[in-house]
1. Considering only C-alpha atoms, what is the centroid distance from region 70-97 to region 40-58, in Å?
2. Give a residue-ordered list of calculated ³J(HN,Hα) values for region 46-52 (Karplus: 6.51 cos²θ - 1.76 cosθ + 1.60, θ = phi - 60°; whole Hz; x for Gly, Pro).
3. Loop only per DSSP, at most 15 neighbouring Cβ atoms within 10 Å: give me the trypsin sites (Lys or Arg not before Pro) in region 1-72, ordered by residue number.
4. Taking a probe of 1.4 angstrom, what is the accessible area of LEU73 in Å², to the nearest 10?
5. Give the carbon-plus-sulfur fraction of the accessible surface of the chain in %, rounded to a whole number; probe 1.4 Å, heavy atoms of protein chains only.
6. What residues qualify as long-range amide H neighbours of VAL88, i.e. H under 5 Å apart, gap of 5 or more or another chain, H built at 1.01 Å from N?
7. Please tell me the relative contact order of the chain in percent, rounded to the nearest whole number, where contacts are Cα pairs under 8 Å and at least six residues apart.
8. Charges on Cβ only, +1 for Lys and Arg, -1 for Asp and Glu, centred on the Cα centroid of the chain; of VAL70, PRO37, GLY83, which one is farthest towards the dipole's positive end?
Amino acid sequence: MPDSEAKVPNPRKADLERLRSDLVKEVESIKKALKNPTEEIGGDKVWVGKNARTWHTELDGRHKRLGAQVDKLLPLVDAAIRGEPEKVTASEARTYHKVV
């Protein structure tokens, strides 16, 4: 039986594209969120001594891990966008809007 229901733009794909657009604007600031505190604690201007070095090492590690995780976000969203069809049936779009 042929699918006679009208096709409409995929709302999930549109939401993912908006998410990607928002992420692009924020990625660099998120990646740099711990940069200044890491440099300040490690630079002997704010805090010195063994505890300061320990904090700096911990914060530097978190800064690097945060950057690595953020670098994975856009490729994940891009893959999700690629996996979505351009158009879906009107009933699929309505169902998506009900769930979201």
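The values are calculated or read from the model by the stated rules, or taken from the named source; none is laboratory data. Keep in mind that this is a model prediction, so the values were computed, not measured. Glycine also receives a Cβ, built like all others from the backbone with ideal geometry; neighbour counts cover every protein chain displayed. Ligands, DNA and RNA are stripped out before the accessible areas are found, and what is left, the full protein with its side chains, is counted by its heavy atoms. Shrake-Rupley method; radii C 1.70, N 1.55, O 1.52, S 1.80 Å.
1. 44
2. So the J values, rounded to whole Hz, are 9, 7, 10, x, 4, 4, 5.
3. Loop-located and lightly packed - LYS32, LYS45.
4. 60
5. Of the solvent-accessible surface of the chain, carbon and sulfur hold 56 percent.
6. VAL8, ASN10
7. 53
8. Highest projection toward the positive end goes to PRO37.
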